[in-house]
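J.: Sharing a structure here in structure tokens format.
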Amino acid sequence: MTTAHHLRLIDGMCTGDFPQERTPSVSGVSGPGYHTAFLRTGHEPWDDDDEPAGPEHRAQCLAEHDALLTLLTARWGEPQVMSLWSAQERMLAGEVIPDPWADPVAGCEFVRLWQVQERWVAIGLVLEEEGPGCEVTVLVTVIDPP
């Protein structure tokens with residue numbers, strides 16, 4: 001996927017209606033008050049037996065993440081950088097973090113956050129601690145951050 005494709009996806013998430021029930025989509029999950037997308041960047045999806053492209057995949061993912069942030073910042077201004085550390089600590093202590101924030105809290109150290117009209121747009125980066133795994137997480141919601 002290209003950065004232009006990611007922008008079109010985010011634009012659709014920002015303007016699209018929310019479903020009444022949690023529903024899987026091609027790129028993520030949508031539910032009452034939110035859309036999420038999990039963007040695998042820099043490579044084609046792989047079979048369970050195949051490994052992602054390695055360090056070059058991670059570098060490509062980071063570059064596409066940065067390019068997306070640059071374009072969104074040009075569009076909406078500087079984002080808030082929101083640490084998810086305290087929400088992660090609460091989750092580890094047994095607190096249930098409600099949708100749609102549970103996935104970003106579980107996978108990202110922080111998100112870049114914009115408020116666009118009445119919706120929050122959060123971009124997070126999920127990096128495997130060991131290995132080349134990298135994914136950009138996008139959340140568009142009317143539900144306030146935890």
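J.: Set the Förster radius R0 to 41 Å, insert the Cβ-Cβ distance between Phe110 and Gln20 as r into 1/(1 + (r/R0)^6), and round the FRET efficiency to 0.05. Walk me through the numbers before you get to the answer.
T.: Details: r = 31 Å, r/R0 = 0.75.
Plugging the Cβ-Cβ distance into 1/(1 + (r/R0)^6) gives 0.85.
J.: To continue, here is another question. Can you classify segment 107-146 as rounded, prolate or oblate using the Cα gyration tensor, where a ≥ b ≥ c are the square roots of its eigenvalues, rounded means a/c under 1.5, and otherwise it's prolate if a/b beats b/c and oblate if not?
T.: prolate
J.: So the label point goes 7 Å from the Cα of Phe38 along Cα→C-beta, right? Which residues of segment 86-122 then have their backbone N under 12 Å from it?
T.: So the set is 103-104, 106-108.
J.: Take each complete run of DSSP H in the chain, measure how far its Cα atoms stretch along the helix's own axis, and keep only those covering 27 Å or more with mean Kyte-Doolittle hydropathy at least -1.0; list them.
T.: On the way: long enough: 55-76 (31 Å, -0.21).
Sorted by number, the helices that extend far enough and score high enough are 55-76.
J.: Let me ask you something else. Once you wrap a convex hull around the alpha carbon atoms of the chain, what is its projected area averaged over all directions, in nm²?
T.: Numbers: hull surface 36.0 nm².
Quarter of the Cα hull surface area: 9.0 nm².
J.: Quick query: amide H of Cys134 versus all other amide H atoms, modeled in the peptide plane; which residues come in under 5 Å with a sequence gap of 5 or more or a different chain?
T.: Placed amide hydrogens put Glu128 under 5 Å from Cys134.
J.: To continue, here is another question. Hey, for a label at Asp144 modelled as a point 7 Å past Cα toward Cβ, could you say which residues of segment 5-38 have their backbone N under 20 Å away?
T.: Counting only backbone N, you get 32-35.
J.: Calculate for the chain the 222 nm mean residue ellipticity that helices alone would give, adding -39,500 (n - 2.57) per DSSP H run of length 4 or more and normalising by residue count, nearest 500 deg cm²/dmol.
T.: That calculation yields -10500 deg cm²/dmol at 222 nm.
J.: Taking the Cα-to-Cβ direction at Glu118 and at Ala59 and moving 7 Å from each Cα, how far apart do the two end points lie in nm?
T.: About 4.6 nm, to one decimal.
J.: Nothing charged except the Cβ atoms of Lys and Arg (+1) and of Asp and Glu (-1): what's the magnitude of the dipole of segment 70-126 about its Cα centre? Round to the nearest 20 debye. It would help to have the intermediate numbers written out before the result.
T.: Values: 4 positive and 7 negative charges, 42 e Å.
In debye, rounded to 20, segment 70-126 gives about 200.
J.: What list of ³J(HN,Hα) couplings, whole Hz, do you get for segment 18-24 from phi and the Karplus terms 6.51, -1.76, 1.60, once you set θ to phi - 60° and write x for glycine and proline?
T.: In residue order, the calculated couplings are 8, x, 7, 10, 4, 9, x Hz.
J.: Which value, in debye to the nearest 20, describes the size of the charge dipole of the chain about its Cα centre when Lys and Arg Cβ atoms bear +1, Asp and Glu Cβ atoms bear -1, and nothing else is charged? Each step should come with its number before you reach the end.
T.: Values: 8 positive and 24 negative charges, 153 e Å.
Rounded to the nearest 20 debye, it is 740 debye.
No lab work stands behind these numbers, since they all come straight from the coordinates. Quantities reported herein were computed from a predicted structural model and do not represent experimental measurements. Note: ideal-geometry Cβ built from the backbone for every residue, glycine included; neighbour counts use all protein chains shown.
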